[in-house]
Amino acid sequence: MNVYPHLAPIANRWHEAMGIDVRFPDDHAAFIARCHAAGQTRPTPLLLQYGEGDYNALHQDLYGEHVFPLQIAVLLSQPGEDFEGGEFVLTEQRPRMQSRAMVVPLKQGDAVVFAVDSRPVQGTRGFYRVKLLHGVSKLRSGHRHTLGIIFHDAA
Ligand SMILES: O=C(O)CCC(=O)C(=O)O
Ligand SMILES: [Fe+2]
């Protein structure tokens, strides 16, 4: 599976809508070369394991100047069977409003594609930026594994 080429055009449309000048090449290797040239050389894909009581506080995976604006998390365990609790949570912060929470109901093998930092939302006067955070609620029992794919390398 090579998903980056499908995401790069979306990333470019998002940047255009948000008035950000940076554009992304079709080829992931070319984008990684840009990260490396800026000292972002550490690979970022991760396998995460959560046990009972573990959680992942709301955060953003920003690891340097170069940021690919979309990332992926794949749930490797079966909710309700392998673990209880441990929901994937997003919050969206709109200008002058309080944050909205969203729970993404993932089953084993599902992937969620989400904004690393901000996404454009159509308003009455063009697009505005909505800031996202993501995290995982506390596991009540069992074990939960995920694969996280972040397309930029880290400094
Ligand atoms: O465990 C998860 O579902 C999300 C982990 C995470 O923060 C990430 O993939 O960036
Ligand atoms: Fe994360």
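The values are calculated or read from the model by the stated rules, or taken from the named source; none is laboratory data. Worth saying up front: this structure is predicted, and the values here are computed from it rather than measured. All Cβ positions, glycine included, derive from the backbone under ideal geometry; neighbour counts span all protein chains shown. All accessible areas refer to the heavy atoms of the entire protein, side chains included, with ligands and DNA or RNA removed. Shrake-Rupley method; radii C 1.70, N 1.55, O 1.52, S 1.80 Å.
The table that follows gives values for the structure above.
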quantity	calculated
The lone exception for VAL22 - which of (1) open to solvent by 50 Å² or more (accessible area, probe 1.4 Å); (2) among the aliphatic types (A, V, I, L, M); (3) within 16 Å of ligand 1 (Cβ to nearest atom) it fails	(3)
Enumeration of residues in region 33-56 that are open to solvent by 30 Å² or more (accessible area, probe 1.4 Å) and under 18 Å from the mean Cα position of the chain (by Cα)	ARG42, PRO43, PRO45, LEU46, LEU47, LEU48, GLN49, TYR55, ASN56
Hey, ARG119 within 16 Å of ligand 2 (Cβ to nearest atom), touching a residue at least 40 places away in the same chain (Cβ under 8 Å) and farther than 24 Å from TYR50 by Cβ or not	yes
Among residues of region 31-81, those that are assigned to a strand (DSSP E or B), more than 9 Å from ligand 1 (Cβ to nearest atom) and under 26 Å from ILE10 (Cβ atoms), counted	4
Test: residue in region 62-76 that is within 13 Å of ligand 2 (Cβ to nearest atom) and open to solvent by 60 Å² or more (accessible area, probe 1.4 Å)	yes
